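As structure tokens, the structure follows; a few thoughts come after it.
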Amino acid sequence: MIENEDKRRCGVCKIPFFERNNYFFGKLMTVRDYDAEQCYFNEKRWLINRMVHGWGIVCGLDVKRIPNDPDDLKKGYSETKVKVTEGLAIDCCGREILVCEDQYIGLDPEKSECNQEKIKKEELKKLVICLEYNECKSEQINIEPEGCDQNDRYEFNRIRDSFKIRVRYKEDVDIEKTSGRVCPLDNRIGFWFDWNEVPGKNELRFKEYLIQKYNVDWVKRANIEKDDRIIKVFTDENNNSLSLEIDEEKRKVILIINEIWTDEFIVKKEKHERIVFKNQKVHHYLCNELKKGCPECPKRPCLVLAEVTNVLSSGTEGDRLLKIDICSRRKLIYSNPMLYDLINCYHGDLPHITSINWPHGKDIKWSQFVDLIRRNEKNPDDDGPGLQVGFDREVTGVDARTFLFIVKYREDREGGFSEDRYIPGKVFYDDKIKKWVFKVDLDWCIDLRISALQEGAGFKIVLRGDHILDKETNKALDGNFIGGKLPSGNGNQGGDFVSWFFVEENPDYENHKSRQHSKM
């Protein structure tokens, strides 16, 4: 375990300031000066390690069971020893721990410092295997006797950075969470209070949120004053004060606690109400989390390699089963290459839509629409181009179920409900133009000549990004059509590509209707 002095020295300000040697000609160098030289660089490196990179396992350090007979695994495994493989870690003080050879560790826990009671054999035993930094001196050197003291003396020429692996009872150490300390989703946008209802029916939720997030317990007993732009919360006895002020643009509410700018929130006007929403800007969330203070070592730290449970086996009476959980309690350090690989795995090299052959969001003439989807029964070469979509990578899964052409159809032109109707067609890849094409069915194209759609209609094109995959990587299409701009995508797999256009009324449609009525 880390000694008391070590615990104190592992805080962010364990050294109030850094000093290095100032060299000059004639300076007398002593042990203190050389020690300070080493300390300066070591302490700075350890500070960066623990505050920027964090502490935990960098790589390796697997914990494995040891077979009773390596040549015959059927003879089972040792229940009293495990093997720790080579690897690298950083402890909570930022010190590097390098293990370069496999270590064989007996599962005999050290006696508890707090509880000396013996655990009965029948009880469940939960142990943790802890890796600790340890300095040891090496290269003993004999020193010549001085003066009257003729006794043999010696010193050590080197200080070796080493390690200890200890087995401890789980209740004797403090185990930090492996993740989850920071999560902006826990503070997502949501209704906080109605400005007009404080003081009033929203006063309780108003105060509860302030107490929970900003640790201002005095708000419970505070007075509230309000005008059109400012809510003041204050107490007379402790001179505490808190205010929320609406900015000049009436879009933000600024929170000031004891005359210090603390946070800001979104305010929206809805009818006669002014609703204040909890803030969700990631920058502000992280700012509030980081200003709470720098991380410190736990009082009883343990760099966990594995959690070991020794339980009674369901087989022969008295037999025990060794359960080794390596990952649940193990803190990890994410290197930049690993983070890049993770980001690239989920968000990198995604397929995108790069081109379409219709004017997104625009009005087009009836003749342009007919030229786009035209089908010629006698001469297929005279067909229109159809709806064409280009991708930046080869994709699979594009078919009539994932490439949809939809018309917004209204039965009652004077008002009433409209409905989406799927237009039948075939989807295929045109190798000449390297694009996917949707062509409407010939029958639908023929029926269009007498269809009420000639009065004008809205059309929508949808590609189901969740089901269109990169042929090589099997990653889903980054399909969201953000702001109607190409290429598609927001950096995440999946999402529907949704585009639309509007077709104006066929100018010959009134003449067509007149001829139909005259025939009747």
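The values are calculated or read from the model by the stated rules, or taken from the named source; none is laboratory data. What you see is a predicted model; the values in this text were computed from it and never measured. Neighbour counts run over all protein chains shown; Cβ positions are idealised from the backbone, glycine included.
What to note about this one:
- Condition check for ILE231: surrounded by 12 or more Cβ atoms within 10 Å (Cβ to Cβ), at negative phi, over 28 Å from the mean Cα position of the chain (by Cα) and among the hydrophobic types (A, V, I, L, M, F, W, C): yes
- Of all residues making up the stretch 36-61, the number that are exposed (fewer than 15 other Cβ atoms within 10 Å of the Cβ) and within 30 Å of the chain's Cα centre (by Cα): 7
- Considering the stretch 340-391, the residues that are small (Gly, Ala, Ser) and closer than 17 Å to PHE405 by Cα include one that is surrounded by the most Cβ atoms within 10 Å (Cβ to Cβ), namely GLY386.
- Which numbered condition TYR77 misses (of (1) at pLDDT 90 or above; (2) surrounded by 13 or more Cβ atoms within 10 Å (Cβ to Cβ)): (1)
Okay, residues lined up against (1) among the hydrophobic types (A, V, I, L, M, F, W, C); (2) without any contact (Cβ under 8 Å) to a residue 40 or more places away in the chain:
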| site | (1), (2) |
| --- | --- |
| GLU296 | no, no |
| LYS299 | no, no |
| ILE324 | yes, no |
| ARG329 | no, no |
| SER355 | no, no |
| ASN379 | no, yes |
| GLU394 | no, no |
| VAL398 | yes, no |
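- Here TYR23 does not fit the description of being at pLDDT below 95, of a type in the set (Phe, Trp, Tyr), assigned to a helix (DSSP H, G or I) and out of contact with any strand residue (DSSP E or B) (no Cβ under 6 Å at 6 or more places or on another chain).
- Candidates VAL52, VAL58: the one that is assigned to a helix (DSSP H, G or I) and closer than 25 Å to CYS327 by Cβ is VAL52.
- Count of residues meeting criterion [in a loop (DSSP other than H, G, I, E, B) and either in contact with a helix residue (DSSP H, G or I) (Cβ under 6 Å, 6 or more places away or on another chain) or of a type in the set (Lys, Arg) (or both)] in the stretch 389-411: 4
- Extreme residue, surrounded by the most Cβ atoms within 10 Å (Cβ to Cβ), among residues of the stretch 419-433 that are assigned to a strand (DSSP E or B) and not basic (Lys, Arg): GLY425
- Scanning the stretch 434-464 for residues that are touching a Pro at 6+ places or on another chain (Cβ under 9 Å) and either outside any strand (DSSP E or B) or not assigned by TED's automatic domain parsing to the domain that holds VAL498 (or both) yields ASP441, ASP443, TRP444.
- Scan of the stretch 100-136 for residues that are over 21 Å from THR80 (Cα atoms), at pLDDT 90 or above and loosely packed, with under 12 Cβ neighbours inside 10 Å, ordered by number: CYS100, GLU135
- When the stretch 153-174 is limited to residues that are in contact with a Lys or Arg (Cβ under 6 Å, 6 or more places away or on another chain) and surrounded by fewer than 17 Cβ atoms within 10 Å (Cβ to Cβ), the one that is nearest to TYR133 (Cα to Cα) turns out to be ILE159.
- The numbered conditions (1) loosely packed, with under 15 Cβ neighbours inside 10 Å; (2) farther than 30 Å from ILE97 by Cα; (3) within 24 Å of the chain's Cα centre (by Cα) are all true for LEU321 except (3).
- Test: residue in the stretch 464-473 that is at pLDDT 90 or above, surrounded by 16 or more Cβ atoms within 10 Å (Cβ to Cβ), under 27 Å from VAL395 (Cβ atoms) and of a type in the set (Lys, Arg): yes
- Looking only at the stretch 182-231, residues that are without any contact (Cβ under 8 Å) to a residue 60 or more places away in the chain and in a loop (DSSP other than H, G, I, E, B) come to 12 in all.
- Here the condition is being within 35 Å of the chain's Cα centre (by Cα) and at pLDDT below 85; of PHE265, PHE277, it holds for PHE277 alone.
- Filter result for LEU286 (at pLDDT 85 or above and not in a strand (DSSP E or B)): no
- Restricting the stretch 178-228 to residues that are surrounded by fewer than 16 Cβ atoms within 10 Å (Cβ to Cβ) and among the β-branched types (Val, Ile, Thr), the residue that is farthest from the chain's Cα centre (by Cα): ILE211
- Residue among VAL395, VAL370 that alone is among the aliphatic types (A, V, I, L, M) and in contact with a Lys or Arg (Cβ under 9 Å, 6 or more places away or on another chain): VAL395
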